[in-house]
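Read through the structure below, which is laid out as structure tokens, and then see the notes.
The values are calculated or read from the model by the stated rules, or taken from the named source; none is laboratory data. Predicted, not measured: the structure shown is a model, and the values here were computed from it. All Cβ positions, glycine included, derive from the backbone under ideal geometry; neighbour counts span all protein chains shown.
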Amino acid sequence: MSSVIDELERLSTLHEKGALTDEEVAAAKQRVPSDGPEENSDEEGELALIEADRLMELGVIEREQGDHDAALNCLQPALDIVERHEDRAGEAKARMELANLHVQMGQNERAIEYYTQAVDIAREIGDKCREGNSVGNLGTVYEALGQYDRALRFFTQAVDIARETGDRRIEGVRLGNVGCVYQTLGDIERANELFTQAIAIAREIGDRQSEATSLGNLGLSHQTQGHLARAVDYYTQAIDMVGEMGFKRSEGINLGNMGDALFQLGRLDEAETAFRQAIDVLSETYQVGAGVFHGSLAWLLAQRGHFEEAQSLIEPGEILVSPHPEEYAKFLAKKGQVCHLAGDADGARASLEQAQALAADLKVRDESEVAQAIRELEAVLSEG
């Protein structure tokens with residue numbers, strides 16, 4: 001009887017959190033016995049799997065709200081239930097959701113374990129959709145870890161699966177992922193080809209979110225190549241699109257990237273406005289990004305001689321980016337530029353040495369943004 005009460009309470013909680021409509025709650029309650037023990041194992045198994053499915057839904061909601069402990073307390077019991085009842089499809093789903101949670105918690109190695117298990121089960125039962133999702137997610141984790149060869153392998157597999165299943169949206173998304181890896185590796189022409197293919201697919205199927213993402217990526221590519229005016233144009237298109245759709249995080253990132261391009265063009269008033277807007281937007285949606293652009297704005301203000309405000313931005317920005325080694329290394333290069341402009345040679349040299357040590361630990365490639373930022377600071381300091 002207690003399992004029935006627990007199930008009814010969970011349904012009520014899901015309804016209160018918006019995970020279930022009134023109709024879905026009513027339908028689920030009809031499948032829950034009103035009293036007494038379950039009469040046969042089939043009914044008991046069906047109810048248990050309903051419970052597992054609802055636990056997974058609630059776990060996703062808790063993860064999206066940032067309550068990792070609550071999410072884990074839903075997803076792990078869900079996995080236990082589907083394993084006990086030998087529901088392989090449910091097990092693949094639960095393992096993928098646990099992997100998503102561990103990614104959000106920064107536990108990438110655990111995420112890889114769960115994604116790999118989800119891939120194996122999906123292949124065993126012939127679920128190409130879940131296989132493709134998990135393979136693509138593995139690519140994302142390996143990209144975050146800087147293991148770009150593995151990332152390319154998994155993203156390419158995900159593209160192939162999407163083509164096999166005819167999922168044009170996912171095909172475009174994963175082509176964009178492959179492009180981002182090549183962009184990181186410094187193969188900008190190849191990256192641009194892939195972004196252009198992704199944009200064509202997005203426009204074909206009316207996927208404006210993916211189109212905006214690839215436009216922003218093209219902006220970054222052209223900025224890397226020194227085509228700054230073209231980069232600003234792509235960023236502007238992306239900002240307009242995501243602004244219409246209300247995707248604040250993407251809007252903030254593109255605003256900040258556009259600020260960097262405008263800074264390089266010498267359009268300092270426009271760049272400062274873009275950086276401030278980016279920080280405002282990202283402070284609520286993506287704090288690492290907000291930290292990155294604290295560094296960019298500080299550098300710009302130092303160039304304009306506003307050293308006190310520039311220095312006031314360094315400490316909060318450093319706190320936000322320090323848990324992320326690659327972004328922290330780039331931030332330290334900007335901090336070094338600020339110190340140099342302010343006449344603090346020792347501070348500039350210390351920032352450079354910290355950035356160099358992080359780059360060595362990360363084993364960054366010569367073409368990477370980290371290496372480029374460090375070289376720029378080295379050049380400035382070598383000039384005296």
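Some values worked out for this structure:
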{"item": "Region 166-182, residues that are crowded, with 17+ Cβ neighbours inside 10 Å, of a type in the set (Gly, Ala, Ser) and more than 19 Å from Gln209 (Cα to Cα)", "result": "none"}
{"item": "Any hit, region 175-183, residues being modelled with pLDDT under 95, part of a helix (DSSP H, G or I), out of contact with any Gly (no Cβ under 6 Å at 6 or more places or on another chain) and polar (S, T, N, Q)", "result": "yes"}
{"item": "Qualifying residue in region 252-262 (condition: in contact with a Lys or Arg (Cβ under 8 Å, 6 or more places away or on another chain) and part of a helix (DSSP H, G or I))", "result": "no"}
{"item": "Set Ala191, Ala162, Ala231: member being touching a Lys or Arg at 6+ places or on another chain (Cβ under 7 Å), crowded, with 21+ Cβ neighbours inside 10 Å and among the aliphatic types (A, V, I, L, M)", "result": "Ala162"}
{"item": "Cβ pairs under 7 Å, 6+ apart, first in region 181-196 and closer than 21 Å to Gly146 by Cβ, second of a type in the set (D, E, K, R)", "result": "Val181/Glu143; Tyr182/Arg190; Leu185/Arg365; Leu185/Glu367; Gly186/Arg365; Gly186/Glu367"}
{"item": "Matching residues in region 129-142 - criterion: being surrounded by 15 or more Cβ atoms within 10 Å (Cβ to Cβ) and within 23 Å of Gly179 (Cβ to Cβ)", "result": "Glu131, Gly132, Asn133, Ser134, Val135, Gly136, Asn137, Leu138, Gly139, Thr140, Val141, Tyr142"}
{"item": "Qualifying residue in region 69-77 (condition: at pLDDT 90 or above, of a type outside the set (Lys, Arg) and over 25 Å from the mean Cα position of the chain (by Cα))", "result": "yes"}
{"item": "Single condition Gly246 does not satisfy, out of (1) surrounded by 16 or more Cβ atoms within 10 Å (Cβ to Cβ); (2) under 17 Å from Tyr286 (Cα atoms)", "result": "(1)"}
{"item": "Selection count where residues are over 15 Å from Phe247 (Cβ atoms), out of contact with any Ser or Thr (no Cβ under 6 Å at 6 or more places or on another chain) and aliphatic (A, V, I, L, M), scope region 194-230", "result": "8"}
{"item": "Hey, Leu185 surrounded by fewer than 20 Cβ atoms within 10 Å (Cβ to Cβ), under 28 Å from Ala231 (Cβ atoms) and over 15 Å from the mean Cα position of the chain (by Cα) or not", "result": "yes"}
{"item": "Candidates Val338, Val364 - the one that is in the same structural domain as Leu301 (by TED's automatic domain parsing) and either of a type in the set (D, E, K, R) or out of contact with any Phe, Trp or Tyr (no Cβ under 6 Å at 6 or more places or on another chain) (or both)", "result": "Val364"}
{"item": "Residue among Glu318, Glu309 that alone is among the acidic types (Asp, Glu) and either at pLDDT below 95 or more than 25 Å from Arg365 (Cβ to Cβ) (or both)", "result": "Glu309"}
{"item": "Cross-chain or 6+ apart pairs with Cβ under 7 Å, region 198-227 first and on the phi > 0 side of the Ramachandran plot and modelled with pLDDT of 95 or more, then charged (D, E, K, R) and buried (at least 21 other Cβ atoms within 10 Å of the Cβ)", "result": "none"}
